[in-house]
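Q: Provided herewith is a single structure, encoded as structure tokens, for subsequent inquiry.
The values are calculated or read from the model by the stated rules, or taken from the named source; none is laboratory data. Everything numeric here is computed off the predicted structure, so don't read it as measured data. Note that we place each Cβ from the backbone using ideal geometry, even for glycine, and neighbour counts take in every protein chain shown. SASA here: full protein model, heavy atoms, side chains in, ligands and nucleic acids out. Shrake-Rupley method; radii C 1.70, N 1.55, O 1.52, S 1.80 Å.
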Amino acid sequence: NYMNTAAVAGSYNGHCTAAAQTAPALWSVTYGSDIKITVNQAATGGSISCSPTNFVYDGTAKTPCTATVTGAGLSTSVPVTYSGNVHAGTATASFSYAGNGTYAPASGSTTFTITPNSTTTTVTCNPISLVETGQPLTPCTATVTATDGLNISGIPVYSNNVAPGTATASYTYPGDADHLGSR
């Protein structure tokens, strides 16, 4: 009597001495004086979802996804692995379920986005009023900051900073893979 045997994939042979029973959905049964029962792996499916699906770069790894594998009598969470989930760009989240004697393997993946962080450029001049010397005057500094801790200094570009009048100091940060430019 194989009806009380755990449903592990494989084929089993024996001799039937009892009246036929309805076999579970995963079994195929050949009747006669001898019986062969074949147990197939249950089909599995999986899903992976991420919430949220869009982040701003902040220098930390993003892990917003969960994955679940389901099948007949199966519903279990499985680990998610990530690639490209720190820097700005498209990150990938995936799962892989190896299966076992009862359930077939399953896998899947999805993507989410990490956008570059915005920056702020500040030009500070000290003092703001100088006496003309006939030489270029460069009393300013430039700083670029972002919410992720970016804090860099730059050298401003000057115009009209030799003769008397109003001089201008400016700085343009071109940005990088993780940060937008600013001026």
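Q: Of all residues being hydroxyl-bearing (Ser, Thr, Tyr) and open to solvent by 40 Å² or more (accessible area, probe 1.4 Å) in the stretch 168-183, which is nearest to the chain's Cα centre (by Cα)? Just the residue, please.
A: First, pick out the residues of the stretch 168-183 that are hydroxyl-bearing (Ser, Thr, Tyr): 168, 170-173, 182.
After this cut, where a residue has to be open to solvent by 40 Å² or more (accessible area, probe 1.4 Å) as well, the list is 168, 170-172.
Values: THR168: 44, SER170: 38, TYR171: 34, THR172: 31 Å.
Here the answer is THR172.
Q: Regarding the stretch 75-96, can at least one residue be identified that is in contact with a Lys or Arg (Cβ under 9 Å, 6 or more places away or on another chain) and not in a strand (DSSP E or B)?
A: Yes: the stretch 75-96 contains one or more residues that are in contact with a Lys or Arg (Cβ under 9 Å, 6 or more places away or on another chain) and not in a strand (DSSP E or B).
Q: Here is a list: THR124, THR143, THR147. Which entry is under 30 Å from PHE55 (Cβ atoms), outside any loop (DSSP other than H, G, I, E, B) and under 43 Å from the mean Cα position of the chain (by Cα)?
A: Working: THR124 fails: under 30 Å from PHE55 (Cβ atoms); THR147 fails: outside any loop (DSSP other than H, G, I, E, B).
So the residue among THR124, THR143, THR147 that is under 30 Å from PHE55 (Cβ atoms), outside any loop (DSSP other than H, G, I, E, B) and under 43 Å from the mean Cα position of the chain (by Cα) is THR143.
Q: Look at GLY149 and say whether it is in contact (Cβ under 8 Å) with a residue 60 or more places away in the chain, over 30 Å from GLY59 (Cβ atoms), surrounded by fewer than 15 Cβ atoms within 10 Å (Cβ to Cβ) and not aliphatic (A, V, I, L, M). Talk me through it step by step, then tell me what you get.
A: On the way: in contact (Cβ under 8 Å) with a residue 60 or more places away in the chain: yes; over 30 Å from GLY59 (Cβ atoms): no; surrounded by fewer than 15 Cβ atoms within 10 Å (Cβ to Cβ): yes; not aliphatic (A, V, I, L, M): yes.
No; evaluated as a whole, the condition is false for this residue.
Q: Separate question: Working carefully through the options GLY101, GLY134, GLY165, find the one that is exposed (fewer than 13 other Cβ atoms within 10 Å of the Cβ), touching a strand residue (DSSP E or B) at 6+ places or on another chain (Cβ under 8 Å) and in a loop (DSSP other than H, G, I, E, B). Even if it seems obvious, please write down each step before you answer.
A: Working: GLY134 fails: touching a strand residue (DSSP E or B) at 6+ places or on another chain (Cβ under 8 Å); GLY165 fails: touching a strand residue (DSSP E or B) at 6+ places or on another chain (Cβ under 8 Å).
From the options GLY101, GLY134, GLY165, the qualifying one is GLY101.
Q: Give me the pairs: first residue in the stretch 67-96 and without any contact (Cβ under 8 Å) to a residue 60 or more places away in the chain, second residue open to solvent by less than 50 Å² (accessible area, probe 1.4 Å) and basic (Lys, Arg), beta-carbon distance under 7 Å, and six or more apart or on different chains, which are they?
A: ASN85/LYS62; ALA91/LYS62
Q: Do we find that SER47 is more than 30 Å from ALA146 (Cβ to Cβ), in contact with a Ser or Thr (Cβ under 9 Å, 6 or more places away or on another chain), surrounded by fewer than 17 Cβ atoms within 10 Å (Cβ to Cβ) and modelled with pLDDT of 95 or more in this structure? Even if it seems obvious, please write down each step before you answer.
A: Numbers: more than 30 Å from ALA146 (Cβ to Cβ): yes; in contact with a Ser or Thr (Cβ under 9 Å, 6 or more places away or on another chain): yes; surrounded by fewer than 17 Cβ atoms within 10 Å (Cβ to Cβ): yes; modelled with pLDDT of 95 or more: yes.
Yes, satisfied.
Q: Let me ask something else. Which residues, counting only those in the stretch 104-131, are under 15 Å from PRO156 (Cα atoms) and surrounded by 15 or more Cβ atoms within 10 Å (Cβ to Cβ)?
A: THR121, VAL123, CYS125
Q: Still on this structure: Looking at (1) surrounded by 15 or more Cβ atoms within 10 Å (Cβ to Cβ); (2) over 12 Å from the mean Cα position of the chain (by Cα), find the lone condition where THR66 falls short.
A: THR66 satisfies every listed condition except (2).
Q: Would you mind telling me which numbered condition in (1) touching a Phe, Trp or Tyr at 6+ places or on another chain (Cβ under 7 Å); (2) farther than 30 Å from TYR173 by Cα THR68 fails?
A: It fails just one condition, (1).
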